[in-house]
Amino acid sequence: MSSPKINIIGELMNNAYARARTAWEKRDVAGYQHLAQLQADQGAAILNLNIDGTQRVSVTMAEMIAFLPQLVPAVQAVTTVPLSFDNPNLDYQRTAMVHYDRARSHGKPVYNSLAASRQRLPEMIQFIREHDMRCIVMASERFTTGGGSEMTFKAEEAHATVRIFADMLVSQAGRCLDDIIVDPGLAPVAADMYGLINLGLDTMRLCRADPQLQGIHFSVGLSNFAFGLPKSIRASLERAYLTLAGRAGLDYALANVELNATPLPEADPLVEELAAVLEAGRATVGESAEDAGYRQTEKIMELCTAHQATRTSVAP
């Protein structure tokens, strides 16, 4: 069996990465152009643009909005790959779209992201309609009675959330299911105390089996998966996850094209070893999610120890 086809949303234009952080601090559009072209040349289907702050750099909304008029045209000057504007703030999105040239893009721009907790969700949906955008939808939060929201802990709840968003986006924003990319959530495998990784996989399986959701897409932030694990095996584990998630229905991933964007071959032993780790993270009857999570952590650390000597990866 061949590895699943995963479309890559390039994540290198993000202040979590040193090159992007340097470009941001210098407001160096040439630095962003280099990262955009590099990812496009590696086959990225979408380029994610995230200039928000991180633990290493503080960024205000005003600073981001002030830079977008320079940054968006500069990136589009070197590639026609569609951009994903990774900030739910409507003022950010409006500024980005004012300076986005549809004629220079071979696909629709992406609104990143919608979630049940968004305060201006109806306005966001109308904005997506007005600008004919694709959108990323978070399935990790669900709608509650009375107009609230809360975290999702069951695949059936996440499936229901996806259905609600699909209905809203089709009926209110004029979208087709191909315009919708669902993020079911992805937790670090060594610190997943609530079974969130299996929740995401199960959510994709439920949605893929739903006749009313045929054509919808799924994506995860891949670098979350192996966070905190030894660098020597991190990329290999992320690639093994891509293979497993591809079986469940994943067809997009926010990933590093230089490191972890290619699924491992199905025959690679690490794929089934990781599958066994995740299966160990499922709570049995009478067992808490935390107990299963600790078992999953133990199993992933055992796997890392066994593979550290034989696998290498390049640090981002």
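Just so you know, all these numbers are worked out from the coordinates, no wet-lab data involved. It should be emphasised that the depicted structure is a prediction, and the values quoted were computed from it without experimental measurement. Here the Cβ is made from the backbone with ideal geometry for all residues, glycine too, and neighbour counts use every protein chain on show.
Put the Cα centre of region 7-78 next to the Cα centre of region 235-304 and the gap is 29 Å.
If you plug the beta carbon distance of residue 63 and residue 167 into 1/(1 + (r/R0)^6) with R0 = 45 Å, you get a FRET efficiency near 0.75. Placing dummy labels 7 Å off each Cα toward the beta-carbon, the span from residue 258 to residue 42 is 0.7 nm.
Here the gap between residue 16 and residue 285, fully extended at 0.36 nm per residue and compared with their Cα-Cα distance, gives a gain of 92.8 nm.
Entry note, region 7-307: relative contact order of 14 percent, from Cα contacts under 8 Å with a spacing of 6+ residues. The packing ranking of peptides 238-249, 111-122, highest mean first, is 238-249, 111-122, where packing means the average number of other beta carbon atoms within 10 angstrom of each residue.
With the highest mean first, a sort of the peptides 215-223, 48-56, 281-289, 171-179 on other beta-carbon atoms found within 10 angstrom per residue produces 215-223, 48-56, 171-179, 281-289. Take 7-15, 148-156 and order them by the average number of nearby Cβ atoms within 10 Å per residue, most first; the result is 7-15, 148-156.
Within the chain, the selection of entire DSSP H helices by a Cα span of 20 Å or greater along the long axis and an average Kyte-Doolittle value of at least 1.0 returns 61-76. Across the options 57, 264, 204, the greatest Cα extent toward the positive end of the charge dipole of the chain (unit charges at beta carbon of Lys, Arg, Asp, Glu) belongs to 57. Note on residue 212 and residue 268: the model spin-label points, each 7 Å out from Cα along the C-beta direction, lie 3.8 nm apart. Estimated from helical segments only, the mean residue ellipticity of the chain at 222 nm is -14000 deg cm²/dmol, where each DSSP H run of four or more residues counts as -39500 (n - 2.57).
Modelled spin-label separation between residue 227 and residue 177, with each label point placed 7 Å from Cα along the Cα-to-Cβ direction: 3.1 nm.
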